[in-house]
Structure formats: C-alpha cells, structure tokens
Amino acid sequence: MQLPVFVVDAFTGEAFRGNPAAVCLLENELNDEIRQKIAREMKHSETVFIQKLHPTDSFTQSSRFGLRWFSPVTEVPFCGHATLASSAVLFYKIKNVNPTVTFVTLSGEFKARAAEDGIVMDLPCFPIHPKDIKEIQDLVKAAADDILIQDVHYCPDTKFLFVRIDDSYGRAFLENLEVNTRDLMEIENTGKVKGLMLTVKGEGGGKTQGYDFYARFFAPWLGVAEDPVTGSAHAILSSYWSQKLGKKEMRAFQCSHRGGGMKISMRDDRRVDITGQTAFVLEGNLTI
C-alpha cells in the first residue's frame, strides 16, 4: 500500500529550521502498531495522521478530519507543530476549498485557517497550577544547575512542567544552556512529568523590539530529547505570559538549535490563536 507523506517544517518560513513533522494522509483505517512503526521510521518528534471521518469524505472538499499524533515511542494527546504542518498540507498541497478546517483529536476539536502571515490555529488553553520548587528541585537543578528561578507551574492535562528563569538571564543564556536529558529521566521516573519547558521574559513584542518571551522544551519521556518548536507548550505558556505582561497579543520564539517563532492572540473563551509559517521539504509515498 502506498501512503502519501509530506515533511513540513513548522513555525518557520525557511527550510531546515523550525520543527519538522511527517504528515500522512489516510484514506482508510490503519492500526496503531503500524502508525507507531511509521513514526519510529520517520524519526521526527511527531508523525501525524490525517484521516477521513467518513468513506465519502474528500481531502479537497471536506472540512472535518480525524487527527492523531505519534512520537517515535508513543501516541501523544496534543501536538501544535504537527497540527500546523497538517493544515499546511491540506491548504497548500491538497488545495482544500474550505476557509477553515476542523480536526477531531484526543484533546477535543481544533480549527485552523489560512491567513496572509501564515496559518492560524485555534487551540485550547489548558489550566496550570503553581508548583512548589522544593518538590521538583532535583529536576530543575539537573536541567539548569543553580540558576535563579522565578516561577514554576505544572499542567496536569499534558503533564508539562514549566520553569521561568529569572529575567536577568535573557535569550542568550537560555540558548546556550546545556541540558543533559538523560539525567532528567533518571530523576523523574514517576510518569507525572512528560515535558519540561524553560522560559524567560523577552524584550518586547514589536516587530523591531524582539519577542515577548523565549523558551526551550525537553521531552525525553516521550522519546524527544529536545523539541525544536512546541506549539502545545506555547498554548499553555500563553495564558501565563499574557497575565504577567498584561498583553493579549504576543510574539514568542523557541530558541532551540533550529529555532522558530509564532504570533499569539489570547481570546476570552479560554482559547488561544497561534499563527505560524511553514516550509515544505519533502513529498512522496510510504510503502507499507
């Protein structure tokens, strides 16, 4: 069987930057074992499967699709960059005729629409709770040694932990920080944490002023040592930084070795619009 596949770099307009995702189009059902093998073969942080909800649906004409995301080792409940990549395939390669497409996922329904400056994803803002630094101090020390910590929060829905480092450090420090992800897995093996994000305040959100905040994301528990640009984590971080900065419109940059940015617009219905660009780097067929 031939399975159409695309590799799309998300949250960038430039090839070989941002976060790559493999996007597969499914005409028919595919069992989970094969999906996981494909994700392991593709080796990207996420391989995503777009599936028709009904046999009579069309990738060009229909506006609703099933969407499931797999890391190289497991299925994940929520992935922003692969959703962005899937939207790009439908809008730009398949030429879907609808202004908005809806994805039915394990985390509810997500919508996406094409705009002049990229693709806008309508994502949920999962609640976060303050975390006592003493409870995770060994994990934080392994990730960032003895740096000053300003805030620690936890999202139970995604099991993401995020640590805000002191404002005095800035982007350059975060970019150059070396994190041994094997140590993270040895210290945290309870299953309560699936991702660790380090974040720091930026310079400002104007086009000539830089970004409102920066981040890096580590998920060795999901088989991803460091994720280049993480939409799901930014959907969580957005509400935090919106409150701290007193802004609903923000720009964020994930300063991994590939790097990628996004525009963020907070809404009043506990949802967030995240806009990102994409670049296509591969198109072909998998033989399974």
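Taken together, the values in this text are just the output of simple stated rules run on the coordinates, not laboratory data. Computed from a predicted model, the values in this text were never measured in an experiment. With ideal geometry, Cβ positions are generated from the backbone for all residues, glycine too; neighbour counts draw on all protein chains shown.
Leaving out same-chain residues fewer than 8 places away, which lysines sit with a Cα under 23 Å from that of LYS37? Of all the lysines, those that pass the test against LYS37 - Cα under 23 Å, at least 8 places apart if same chain - are LYS52, LYS194. Measuring spread by the Cα atoms of the chain yields a radius of gyration and Dmax of 18.3, 58 Å. Each principal axis of the Cα cloud of the range 150-202 was taken in turn, and the coordinate range along them, longest first, works out to 32, 23, 14 Å.
Determine, from the Cβ-Cβ distance of ILE149 and THR190 and an R0 of 30 Å, the FRET efficiency 1/(1 + (r/R0)^6), rounded to the nearest 0.05. Given R0 = 30 Å and the Cβ-Cβ separation, E is 0.90.
Ratio of alpha-carbon Rg to the 2.2 N^0.38 Å globular estimate for the range 1-109, to two decimals, please. Working shown, then result.
Working: Rg = 12.9 Å, N = 109, 2.2 N^0.38 = 13.1 Å.
Against the empirical 2.2 N^0.38 Å value, I get 0.99 for the range 1-109.
Per residue of the chain, the DSSP helices (runs of n ≥ 4 H) give a summed -39500 (n - 2.57) that works out to -5500 deg cm²/dmol at 222 nm. For a straight C-alpha distance cut-off of 17 angstrom, the aspartates and glutamates reachable from LYS248 (same-chain residues fewer than eight places away being disregarded) are ASP122, GLU203, ASP212, ASP268, ASP269, ASP273.
Within 14 Å, Cβ to Cβ, of ILE236, how many net charges do the neighbouring residues add up to if Lys/Arg are +1 and Asp/Glu are -1?
Numbers: positive: LYS131, LYS159, ARG164, LYS194, LYS244, ARG270, ARG271; negative: ASP151, ASP157, ASP227.
Residues close to ILE236 contribute a combined charge of +4.
Taking the charge dipole of the chain about its Cα centre, with +1 at Lys and Arg Cβ atoms and -1 at Asp and Glu Cβ atoms, the residue from GLY18, THR83, ALA144 reaching farthest to the positive side is THR83.
Computed FRET efficiency, Cβ-Cβ of VAL104 and HIS129, R0 25 Å: what is it to the nearest 0.05? Can you show the working numbers first?
Working: r = 28 Å, r/R0 = 1.12.
That pair, VAL104 with HIS129, gives E of 0.35.
Between LEU177 and GLU249, the modelled label-to-label distance comes to 3.0 nm, taking each label 7 Å out from Cα in the direction of the beta carbon. For the range 112-166, the alpha-carbon coordinates run over 44, 22, 16 Å along the three principal axes, in decreasing order. Rg ratio for the range 129-262: its Cα radius of gyration over 2.2 N^0.38 Å, N being its residue count, equals 0.98. Summing charges over all other residues whose Cβ lies under 11 Å from the Cβ of VAL8, with Lys and Arg as +1 and Asp and Glu as -1, gives -2.
By the beta-carbon count within 10 Å of each Cβ, the least crowded to most crowded order of ILE288, ILE165, ILE128, fewest first, is ILE288, ILE128, ILE165. Straight-line reach from LYS134: taking Cα to Cα under 20 Å and skipping same-chain neighbours fewer than 8 places apart, the aspartates and glutamates in range are ASP145, ASP146, ASP151, ASP166, ASP183, GLU186, GLU188.
Just to confirm a number: summing +1 for Lys and Arg and -1 for Asp and Glu over residues other than SER256 whose beta-carbon lies under 9 angstrom from that of SER256, what do you get? Before the final figure, lay out each step's value.
Working: positive: ARG216, ARG258; negative: GLU175, GLU226, ASP227.
Cβ neighbours under 9 Å give a net charge of -1.
In this label model, SER168 and ARG64 are separated by 5.5 nm, measuring between points 7 Å along each Cα→Cβ vector.
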